[in-house]
Amino acid sequence: MNYWINDISLANKGKTEVQNTLRDMPGISEIRKLFEGQKPFKDVKITGCVWVTYETANFIMLLKDLGANIRWCSDNKYASLDDACAYLVSENVSVFAKKGMTDDEYYECFEQAWQFPNPDGSISGPDYIIDDGCDITRFLHEKHPDVMSKVRGLTEQTTCGITSLMKLYADGKLLCPAFNVNDAVTKSKFDNIYGSRESLIEGIQRVLNVQIAGKKVIIYGYGEVGKGCCQTMKGLGAHVAVCEIDPIMAMQAHMEGYEVYDRDTASRTGDIFITATGCIKVIDREDILKMKNDAVLANMGHGNMEINTEYLNSDEYRKEEINPLLHRYVDSTGKGLFLLCNGYLVNATGGAGHPPRVMSITFSNHFVALLSMIRNPEVYSDKRVYKPTRIQEEFVAQLNFPDLKGKLIRLTEEQANYLSINPNGPYKREDYRY
């Protein structure tokens, strides 16, 4: 299901955008310099399942140029960019994605993405998987466990994806080693906070164009994504409140000056509701029934599971399409609610997603994880979830902020001995919390 064969004009547009995006992806450029003339991924079969943006395209081309055999699909039915997909296809990359897919097309693309043709006409599965939300990993565990059991390793970049992997591991069902990219400090603190902080508002305004200042905004979840969302809304003049299950997170929100609401208070008072938890039915039927007329619902978590869209699409509501990414649901009393992006990620589906710099950091973490698993299979031999080491994280930071490297202070021998650390790093213990 390759949608973009021979679409030259679209491919040329994509090429221009992809190359322009590379200007603020220093990690990708630095990796190219480090491995110039080398093929560390030679003949390695990689299946990727991350929505195809200009940033993703730069990462895919890096992997290809370093020798990898790539087949790629999207974890989001609505968020891939058609011109980015067309460009990759013009570069002989097997891409199975487009913006706006049916459920059948979506899963058919999964099927295509894992099937690597062999010279003799047979099919083999991937050596490694790059995943977002554990989507294709769960798919292969459920539909093709024989294929999944032969995978040498996978890398995962989302909180809910890690949750799924940990559940598979706890249940004794994880079929290959997995690398936890999400919990790398250089991912969670940068992609999740700063990426969400900048991309949230673009997604909302492209879809709905609503005044933020003066509105009561409810953020569900004060994790890294929630923190970024709160900062944006507060900076635009909104009155921000947080809903949390974790007393420590709730305390953090309170100390940052945000109100902490229970579900009932939140539902009755909010104008704009944003989910950022990675959990299901965070906004459920009982919450929706209490909301005021024309409240706005948006998701910054994963998939369309955080808002109960199944209830909204029931017979209790009349659905009005304003545009493909904006619907108004009206109940029998005439009260309406706006749902953005069908409950999918508002920043990725409604806007262009995270800025290039933070995606450069995230993809650099994937690269380091993959390289480590390929070069040191004995270290990553158990079928469990591995975390990045501090030295790997510091390496990613240097890749993406090369201008800062020359400005860093160097410890004297006396200082290094006092702190009991190597002056070349790592500079923090493995259990240090940034």
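The values are calculated or read from the model by the stated rules, or taken from the named source; none is laboratory data. Since this is a predicted model, take the numbers as computed values, not measurements. Because the Cβ atoms are built from the backbone with ideal geometry, glycine has one as well, and the counts that use them run over all protein chains shown.
Of all residue pairs spaced 6 or more apart or on separate chains, those with beta-carbon atoms under 9 Å, a first member in segment 39-54 that is in contact (Cβ under 8 Å) with a residue 60 or more places away in the chain and a second member that is of a type in the set (Asp, Glu) and not in a loop (DSSP other than H, G, I, E, B) are Thr47/Asp131; Gly48/Asp131; Cys49/Asp131; Cys49/Asp135; Val50/Asp131; Tyr54/Glu17; Tyr54/Asp83.
Scanning segment 325-376 for residues that are part of a strand (DSSP E or B) and under 20 Å from the mean Cα position of the chain (by Cα) yields a total of 2. Screening segment 105-133 for residues that are of a type in the set (D, E, K, R), touching a residue at least 60 places away in the same chain (Cβ under 8 Å) and part of a helix (DSSP H, G or I) and picking the one that is nearest to Asn76 (Cα to Cα) gives Glu105. With respect to the conditions (1) free of Cβ contacts under 8 Å to residues at least 60 places away in the same chain; (2) surrounded by 17 or more Cβ atoms within 10 Å (Cβ to Cβ), Ile272 lacks only one, and its number is (1). Checking each residue in segment 74-96 for being over 18 Å from Thr362 (Cβ atoms) and in contact with a strand residue (DSSP E or B) (Cβ under 8 Å, 6 or more places away or on another chain) picks out Cys85, Leu88, Val89, Val93, Ser94, Val95, Phe96. Trp114 falls short of the stated requirement of being surrounded by 24 or more Cβ atoms within 10 Å (Cβ to Cβ), among the aromatic types (Phe, Trp, Tyr) and closer than 16 Å to Val18 by Cβ. Of the residues making up segment 113-149, those that are within 24 Å of Lys173 (Cα to Cα), among the polar types (S, T, N, Q) and touching a strand residue (DSSP E or B) at 6+ places or on another chain (Cβ under 7 Å) number 3.
Filtering segment 86-119 to residues that are in contact with a Cys (Cβ under 7 Å, 6 or more places away or on another chain) and of a type in the set (Val, Ile, Thr) leaves only Val95. Where helices (runs of 4 or more DSSP H) fall wholly inside segment 147-251, the ranges with 2 or more residues that are in contact with a Cys (Cβ under 7 Å, 6 or more places away or on another chain) and not acidic (Asp, Glu) are 159-170, 196-207. Applying the criterion of being in contact with a Ser or Thr (Cβ under 8 Å, 6 or more places away or on another chain) and not hydrophobic (A, V, I, L, M, F, W, C) to the residues of segment 78-87, the residue that is farthest from Val44 (Cα to Cα) is Tyr78. Annotation note: of Thr137, Thr102, the sole residue that is of a type in the set (Val, Ile, Thr), closer than 17 Å to Gly303 by Cα, buried (at least 16 other Cβ atoms within 10 Å of the Cβ) and in the same structural domain as Ala178 (by TED's automatic domain parsing) is Thr137. Among Asp287, Asp264, which is the only one that is assigned to a helix (DSSP H, G or I), within 28 Å of Ser164 (Cβ to Cβ) and out of contact with any strand residue (DSSP E or B) (no Cβ under 6 Å at 6 or more places or on another chain)? Checking each option against the conditions leaves just Asp287. Among the residues making up segment 155-170, those that are of a type outside the set (Ser, Thr, Tyr), under 19 Å from Phe110 (Cα atoms) and in contact with a Leu (Cβ under 8 Å, 6 or more places away or on another chain) are Glu156, Leu165.
Every listed requirement among (1) of a type in the set (A, V, I, L, M, F, W, C); (2) outside the structural domain of Gly153 (by TED's automatic domain parsing); (3) in contact with a Phe, Trp or Tyr (Cβ under 9 Å, 6 or more places away or on another chain) is met by Met373 save one, (2).
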